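For reference, the structure discussed in these notes is given below.
The values are calculated or read from the model by the stated rules, or taken from the named source; none is laboratory data. The model shown is predicted, which means the values in this text are computed figures rather than measured ones. Quick reminder, even Gly has a Cβ in these numbers, built from the backbone with ideal geometry, and neighbours come from all protein chains shown. What goes into the accessible areas is simple: the full protein's heavy atoms, side chains included, and nothing from ligands, DNA or RNA. Shrake-Rupley method; radii C 1.70, N 1.55, O 1.52, S 1.80 Å.
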Amino acid sequence: MKEYCLLLFFLFCIQFNVLGAYILIPMDNTQKNHLKSYGLSYWILENGLEVDWLLNYRGGSFVTNYQDFIEKECKIRGISYEVIANLKYSQILLNISKIEVNQDVVKLEKPPKIAVYSPKTKLPWDDAVTLALTYAEIPYDLIYDEEVLGGSLPLYDWLHLHHEDFTGQYGKFYSAYKNAEWYRKQKIDFEKSAKKMGFQKVSQIKLEVALKIREFTAGGGFLFAMCSATDTYDIALAAEGVDICEYMFDGDGVDPKAQEKLNFKNTFAFKDFELIQNPNQYEYSTIDATQSRKLNKSIDFFTLFEFSAKWDPIPTMLCQNHEQVIKGFMGQTTAFKKEYIKPDVLIMGETESVNEARYIHGEFGKGTWTFYGGHDPEDYQHKVGDPKTELELHPNSPGYRLILNNILFPAAKKKKQKT
């Protein structure tokens, strides 16, 4: 009888410990799959549960109340996890709360509704964000000009701009690919689509889309862009009402006073840049450092800034990582020359040796935007026609983590937990 009572007591203690336990998803170098850990956190939110994001604690770890089905999901997705007791988690929170400790806790409450602005037709290049979302198993909707102009943006919390050319110059691929079938077809399709929606030129519809996106951001939306979608977006806003496209792009010439007519008050991030008007030059403006930078791949890195978790939670969230020095990667827009960045823009990652910013952030109205230079964090110099990156080979990519930080942080926008 005594042994039976001891057994019952032991089983009760186990049950009590589990009920009072938490699952910790470490995001330091002990984690087997950082990228899928973001997808798991999103999935937990989808199931109506909350997640604590421990900023600067073990690489930005996630914690949630213990549930058997969550533990099983960790195993299915190949994610490292720890079951910790209530007391241990209380001790972690107590230490995080100390004023001298640069850590904090934000509570993620609701999964953001995600849209990716991208053509429905397959392009001859890939997009790092859609790769990250797919690999992490985070759902998203593809939307394009028709949906944006039709008023769909308010349905979403977070919007990513695929590698778009908002200037209407078709990526400035003219010199290299003007005779390629995919280029000719894309130009015809874009022109048909523009006319179908009442625009005479592709540049005009792209400007209207850019203005709708600006409204989305001002109203509280979260905007994220990479590569050429960053600088061409701002160029389009600055060139509102000004023809900056040569005849091979829109059938007529550039406004001879285009440069002096640019309005930098309209832009999110950049100022005082000069347009590259040569249609045969694979560059839009002086914002981008791709053609002028003198960095060999072996020394091409950028460093993330460290922010105060307790006082600057948003940039802290956006910079959560298990590495502070990130290997560089190129794109049509690789990095932003600092002299063209507005003074109120927050630089979160830079290559100081060549005075470049790689990762920048700002506020606009009630919303925020983040621009990330480069095409694919795990493909140093991705070219048209190259095969896509297989993220199964890069589950711990620090460069891809920055993308997923941006996807998850809107879940914390309404409430910041103070411990």
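Details
- Ile403 sits with roughly 0 Å² accessible to a 1.4 Å probe, with DNA, RNA and ligands left out of the calculation.
- Solvent exposure of the chain, expressed per residue, is 45 Å² of accessible area, with all protein chains present and a 1.4 angstrom probe.
- Principal semi-axes in Å for the chain [√(5λ), Cα gyration tensor, largest first]: 44, 21, 19
- Spacing of the two label points (7 Å from each Cα toward its C-beta) at Glu323 and Asp28, in nm: 1.8
- Applying 1/(1 + (r/R0)^6) with r as the Cβ-Cβ distance of Ser80 and Asn263 and R0 = 60 angstrom yields a FRET efficiency of 0.75.
- Per-residue SASA entry for Asp157, accessible area with 1.4 Å probe, Å² rounded to 10: 40
- Each of Pro256, His163, Val345 was placed along the dipole of the chain (beta-carbon charges, centred on the mean Cα), and the one lying farthest toward the positive end is Val345.
- Sorting 64-71, 365-372, 212-219 by average packing, meaning the other beta carbons within 10 Å per residue, from highest down gives 365-372, 212-219, 64-71.
- Using the average count of surrounding beta-carbon atoms within 10 Å as a protection proxy, the listed peptides 323-331, 104-112 rank, highest first, as 104-112, 323-331.
- For the range 66-186, a simple Cβ point-charge model (Lys and Arg +1, Asp and Glu -1, everything else neutral) yields a dipole of about 220 debye relative to the Cα centre.
- Full extension of the segment from Asn355 to Lys195, taken as 0.36 nm per residue of separation minus the current Cα-Cα distance, would add 53.4 nm.
- A dipole drawn for the chain from +1 and -1 charges on Cβ atoms has a positive end, and of Ile96, Leu295, Tyr284 the residue lying farthest that way is Ile96.
- Among Pro410, Ala335, Phe224 the positive-end extreme of the charge dipole of the chain (Cβ point charges): Pro410
- Unsatisfied cross-links (Cα-Cα over 26 Å) in the set Lys265/Lys366; Lys178/Lys206; Lys72/Lys98: Lys72/Lys98
- Cα-Cα over 30 Å, subset of Lys201/Lys294; Lys261/Lys342; Lys196/Lys337; Lys32/Lys327; Lys261/Lys327; Lys113/Lys185: Lys201/Lys294; Lys196/Lys337; Lys261/Lys327; Lys113/Lys185
- Gaussian network model of the chain, springs between alpha carbon atoms under 10 Å - residue of Asn263, Asn102, Asn280 with greatest fluctuation: Asn280
- Förster radius 25 Å - calculated FRET efficiency between Ser308 and Lys107, Cβ distance, rounded to 0.05: 0.85
- Sparse-neighbour loop sites [trypsin sites (Lys or Arg not before Pro); the range 237-307; at most 14 other C-beta within 10 Å; DSSP]: Lys257, Lys294
- Amide H contacts under 5 Å for Lys32, placed H, 5+ residues apart: Ser80
- Here the dipole of the range 63-116 is about 160 debye; that uses its Cα centre as origin and unit charges on the Cβ of Lys and Arg (positive) and Asp and Glu (negative).
- Per-residue packing, averaged as other Cβ atoms within 10 Å, sorts the ranges 346-357, 29-40 into the order 29-40, 346-357, beginning with the highest.
- Residues of the range 350-386 with amide N under 19 Å of a point placed 7 Å along Cα→Cβ from Ala218: 362-370
- Neighbourhood charge, 10 Å Cβ-Cβ cut-off, centred on Lys201 and excluding it, Lys, Arg +1 and Asp, Glu -1: -2
- Point-charge dipole on Cβ atoms (K/R +1, D/E -1) for the range 333-419, about Cα centre, debye to 20: 760
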